[in-house]
Structure formats: C-alpha cells, structure tokens
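Heads up: the structure comes next, in structure tokens.
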Amino acid sequence: MSELGGLTREGALFANPARDLEYLPGEPPEPGHAREIAPGLWWLRVPLPMELNHINIWLHEDAHGWTVVDTGMAEDVCRQAWESFDRTVLDGRPLRRVFITHDHPDHMGLAGWLAERYGAQVWMSAWGHESSQRFLRMDPDEVQTRTADFLAAHGMDVAAFRSTGGGRDHRTWFGGLVDIDGKPGDGTVLQMGGGHWHAIETGGHCGGHLCLHDAERELLISGDQVLPQISPNVSVLASAPEADPLREFLSSLERLRRCGTDTLVLPSHGRPFRGLERRIDALTGHHHRELDKLREFYREPHTANDALPVMFGRVLRGIHRMLGLGEALAHLHYLRADGEIERFEEGGVFRFVRT
C-alpha cells in the first residue's frame, strides 16, 4: 500500500484504445441490477465518485449463499448500490464471503461494512492486508512529509502540486481497518459460483494483487491487471522509492498469457472481452514505446519530473501529476536496472542520464 491508495485508478494513464477485442455482447448491468455471465456468476456495477466512475464486481452463487469479488469504496454512493443489490439481487440469501483482489479502496473500501452487515468472511492476500493496515495506521503528517520529500527529490514543485489539489488524504475511502478470515495466495483454489478458481498473484500495479482463473470455463477475473482500454498505473511510490514495478508488471502479464486465447476476461473497469493475448501485446507495446521515448530524452541529464511532457503530452495536475511522476520513475528504474541509464544527485535532486 502507499500514499496513493486507490487513486491509481482515478489517475490511470490512458493507452491507445484496444483494437481487435471481442467485447461481450449487450450492455453493462443497470445500477442495482445484475447480469449473468455464466451459471452461478453475475456481473454487477458499483458507481464511484471519481473520474473512472464505476467498478465491476463479480457475484458468485452457491447453494448456501454468495461470494463477491471486490466491493466499491467507503462512500455513500457505493453503500446505496449495495442496499439496492440487497433488494434486487441477493434475494434474501446471505453474503458469506468477500474476496478482495488488491488493497486499493475501490476494491476493498466496503469490506468491513459488508462483513458487519452480513457476517461475511473477508479474504485477501496477506501482503495486501498487512500493507493496507500499515498505511492506515500511519500518522497523516508523516505521510504528507514523506510524499513531499519524495516528489521534491525528483524535481517537482510541491507547493504548485498542492495548489492544484494534490496531497489530499483519501484514507476515509478505505472504511477503516479490516480483519480478515482467509489469506489466499498464488495457487490457492476457491470453489464458488459453479467453478474452480485458481488465484494468480500479479505485480507492478499493486503488490499482492490476485487474479482468479477458471480454466475449465475459460474465465479470468483480472482485477486491475488487465483492462480493455487503459493501462493501470504502474508507479514507483514514496513508500518503496527504489522499486522496479514495470518489470514486475510486464512479467505478470506473461503469466496471464498462459490463460488461453479464448478466455473471457472480466476486468474491474470497462467491459468483459475476449482477446487476452492481443491486449497483453498492446499493453506491453505501449510500455516499450514509453521506454524508447525516455532512451532518447535522457541523452542529456533530466529529472523524472522533466519527463512528464515527453510521456504524456499534456499538463498533469493534482493527483494525476504525482501518478505521472511515479509512472515516469517506473520506466526510468527499468532502464537503470538494465544499465541503460544512471542516476546522480545534484543539489538534493536526482537526475538521470543515459550511460
């Protein structure tokens, strides 16, 4: 977890629109309703009070109740959606388990509320639980100071960043500390909704991120790892300033490639689609093009902040600027680890240059 919380979704960086994907026919479910995807598996949408205005959640029906994958954030508009599902979808049968793909608030923010409301168990990766709890226990001033120092060290004007709405504390979206009952990890098998779902741990967007694959029915709940039209934010964060998340992300995409060509991908945002390998190729190509831009730009020394116009071609403001800086650093750290770029410090600010 990090200072960014679930804002990685609001600040997701748009790649070229996906082409040649076969989208599931028909429209997304209306608010308060559900659409059946496969026997025992239902697609619901929860509205979000942010730029990316919804999250898809996946409801699995069993003989004795329901399991849901992800929740929405701890905001009234999300609670109201669940109250509507209670009347129109759950049909009086208990919600027995909440499975969380990763520790961003649009995915886990209502976990505690649902556990209290229904007596449901909460399952999430041990890494995700520990990191989210550590973040939520931090003193807000400590978070602000660490973030400001990190941004300044990479060339950002922190006062200007804050003047455009950056640096706000959104931890209320998490709904507080959450106790968990299960700690699934890579390879864990869950029986739910008429299928056997294998957990696949992926990285780069968020540590401890779990996708769920039903090989027999060719279904993949991809969380934020593979989305049909945007690339999830892949950032270096103040909490892990030397990380190499882009390498983790690209490696994880190759793991998911094994799920098969005809797999129906059920993403957290956007519409379900087929064409997983083509989408992985598009995401991989997008990030390698960004690496090529930076190889050229860093023929001369620059800060990471200097790279934002090169990568994004527009002025980023508020939280988007911080996410853009994190994304630039993810690409720079990838090149640095391969020995193509070196880093040096000058006047308390880091600069990068091609070796």
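Taking the 0 to 90 degree range and rounding to the nearest ten, how far is the long axis of helix 276-297 tilted relative to the main principal axis of the chain, both from C-alpha atoms?
Long axis of 276-297 versus the principal axis of the chain: about 10 degrees.
Placing unit charges on C-beta atoms (Lys and Arg positive, Asp and Glu negative, everything else neutral), compute the dipole magnitude of the chain about its Cα centre in debye, rounded to 20. It would help to have the intermediate numbers written out before the result.
Values: 37 positive and 52 negative charges, 81 e Å.
In debye, rounded to 20, the chain gives about 380.
Nearest 10 degrees, 0 to 90: what angle lies between the long axis of helix 319-337 and the longest principal axis of the chain (Cα atoms)?
70
Cα convex hull of the chain: mean projected area in nm², to one decimal? Intermediate values should be presented prior to the final figure.
Numbers: hull surface 67.1 nm².
Seen from a random direction, the Cα hull of the chain projects 16.8 nm² on average.
Against the longest principal axis of the chain, how steep is helix 140-153, in degrees 0 to 90 to the nearest 10, with axes from Cα atoms?
Taking the Cα atoms of the chain, the angle to 140-153 is about 40 degrees.
Mind ordering 64-72, 311-319 by average Cβ neighbours within 10 Å, highest first?
64-72, 311-319
Could you list the residues of the range 312-345 with an amide nitrogen less than 20 Å from a label point located 7 Å from the Cα of Ala160 in the Cα-to-C-beta direction?
Flagged as within label range: 312-329.
Quick one: which of 151-158, 103-110 comes out on top by average Cβ neighbours within 10 Å, and what's the full order, highest first?
Numbers: 151-158: 18.4, 103-110: 29.6.
Answer by packing, highest mean first, reads 103-110, 151-158.
Among Leu90, Thr147, Val353, which residue has its Cα furthest toward the positive end of the charge dipole of the chain, with +1 on Lys/Arg Cβ and -1 on Asp/Glu Cβ?
Positive-end residue among those listed: Val353.
Using r as the Cβ-Cβ distance of Asp76 and Asp181, and R0 as 35 Å, what FRET efficiency do you calculate, to the nearest 0.05? Numbers along the way, then the final one.
Details: r = 26 Å, r/R0 = 0.75.
Between Asp76 and Asp181 the formula returns 0.85.
Round to the nearest 0.05 the FRET efficiency obtained for Glu277 and Arg134 when R0 = 35 Å and r is the Cβ-Cβ distance. Walk me through the numbers before you get to the answer.
Values: r = 36 Å, r/R0 = 1.04.
Calculated transfer efficiency: 0.45.
Which order do peptides 111-118, 263-270, 30-37 fall in by mean Cβ count within 10 Å, highest first?
Values: 111-118: 18.9, 263-270: 22.8, 30-37: 15.2.
Descending packing order for the listed peptides: 263-270, 111-118, 30-37.
Calculate, for Gln144 and His64, the FRET efficiency according to 1/(1 + (r/R0)^6) with r their C-beta to C-beta distance and R0 45 Å; round to the nearest 0.05. Let's see the in-between values first.
Values: r = 46 Å, r/R0 = 1.02.
The computed FRET efficiency comes out at 0.45.
Note down the nm distance, to one decimal, between modelled labels 7 Å out along Cα→Cβ at Val310 and at Arg289.
Here the answer is 1.7 nm between the modelled labels.
Picking from His205, Met124, Leu276, whose Cα lies most toward the positive end of the charge dipole for the range 7-354 (charges on Cβ: Lys, Arg +1; Asp, Glu -1)?
Farthest along the dipole direction, towards plus: Leu276.
Here, each number is a calculation from the coordinates, and none is a lab measurement. Quantities reported herein were computed from a predicted structural model and do not represent experimental measurements. Backbone-built Cβ (ideal geometry, glycine too); neighbour counts: all protein chains shown.
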